[in-house]
Amino acid sequence: MFHWGKWKKRMGANSSSKRPVFDEKEDVNFDHFQILRAIGKGSFGKVCIVQKRDTEKMYAMKYMNKQQCIERDEVRNVFRELEILQEIEHVFLVNLWYSFQDEEDMFMVVDLLLGGDLRYHLQQSVQFSEDAVKLYLCEMTLALDYLQNQHIIHRDVKPDNILLDEQGHAHLTDFNIATIIKDGERATALAGTKPYMAPEIFQSFVSGGTGYAYEVDWWSLGVTIFEVLRGWRPYDIHASNSVESLMQLFSTVSVQYSPAWPKDLVSLLRKLLTVNPEHRFSSLSDMQTSPYLADFNWDAVYEKKMEAGFVPNKGRLHCDPTFELEEMILESRPLHKKKKRLAKNRSRDNSKDSQSENDYLQECLDVVQQEFMIFNREKLKRRPEEGQPEEAGGDDASGDGDGEAGDGEAEGGATDDDAPEPEPDPEPEPESSSKRSMCGSVCSSPGSC
């Protein structure tokens, strides 16, 4: 069995006593990190544990292959996630620290949470106590309230996207399909993971209408809390269900609550799982009025002073061990061989005709290179201390604003039923540059959809 604590000590003992010093004016890049091990993967990104060489701080690093993102039309999702993550920071979110790129990949370096996601623990047959889940409910309430104040709909709240730290506190991750709405706007896209999607999302897709807003995240929270407590979801919904059948289901099927649950808990879940969003609990103030949460000290929750009811075993990594084997054995472009591979590619590129074998792909890669947003939260935090003006948005490289466990994107064993519903593409905006017009569908700015 892999013993995480022993491994961390061994890594510390083997590290050089003299830390490298990097030029503060230089952008953070791949060479600034030591790759330690793979911990997860999603539909088009992978996650590994890394250590920053100069500070020796540990992070999770998600990396996404540019060519695959272009081929799957996922670049705009990556850019939107970056746009959102650069502007937010909260104690119960998985926060972005750095973003950078090289010829092959786009990278996001985020908080490292070693406690695993709730999906992983459900699959390990963990029986969560009511007190443990009650704290998750409060912590996610504070996270959603913060996002709502930032005009953000997450759209994919589910056990897979709630990660635990080593003390057992919950953090929301994966802004892959999040969107921003302002000034009374409404979202309309069919986006999310079907078993957790609110009825009004399907209604908007079927019959148009006014769309939906922040209330959809609170429905998803209700489904998640029900599932973590009981082991199954309140509605028997799968990825194969048609949207029309789901509309019928919500209007005819009643949720069956456990008779062993306290009445106040059932009452709160009913408020979260109210089909009509106008009557649904969908704010911190709503939640604070619930008798079930009346005895909670919300300041203590925010400061993580409430003892968690479930603390993950600190002696092991809470993820599928096959991720590391796949990276070492099956991966055609393993991360630990990147430096040699890129050097060889650069040498080969310099020796052949500059005309690309695939002009369209190369044009798109050029656009991604130009539009990708570089970010360094560490530098932003230093600026006020140094008396320098703080700049919004980080170390800028122009762009538009993707993910799961370990950080933003490992899918800790999610089933096909939990695969996110693809989001319809918005109309590409007109572009003045010939490169942009060529790759408009790849790199178009996503509006509120």
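Read-outs: derived from the displayed coordinates by stated rules, not from any lab. Note that the structure is predicted; figures quoted are calculated from it, not measured. Don't worry about glycine lacking a Cβ; one is built from the backbone with ideal geometry, like all the others, and counts go over all protein chains shown.
With a 10 Å Cβ neighbour count serving as the proxy for reagent exposure, in which order, fewest first, do S125, S245, S282, S99 appear?
Numbers: S125 7, S245 11, S282 24, S99 28.
With the sparsest Cβ surroundings first, the list reads S125, S245, S282, S99.
Kirkwood hydrodynamic radius, the stretch 26-176, all distinct C-alpha pairs: what's the number in Å?
It is 16.4 Å.
Within 10 Å of each residue's Cβ, count the other Cβ atoms and sort L163, L317, L361 from fewest upward.
Details: L163 32, L317 22, L361 16.
Ordered by Cβ neighbours within 10 Å, fewest first: L361, L317, L163.
With Kirkwood's inverse mean 1/r over C-alpha pairs for Rh, give me the Rg to Rh ratio of the stretch 153-229, two decimals please. Mind dumping the intermediate values first?
Numbers: Rg = 13.3 Å, Rh = 13.2 Å.
Dividing the radius of gyration by the Kirkwood radius yields 1.01.
Taking the Cβ of each residue in R270, R80 as the centre, tally the other Cβ atoms inside 10 Å and list the residues starting with the fewest. Show your work: numbers first, answer last.
On the way: R270 14, R80 24.
With the sparsest Cβ surroundings first, the list reads R270, R80.
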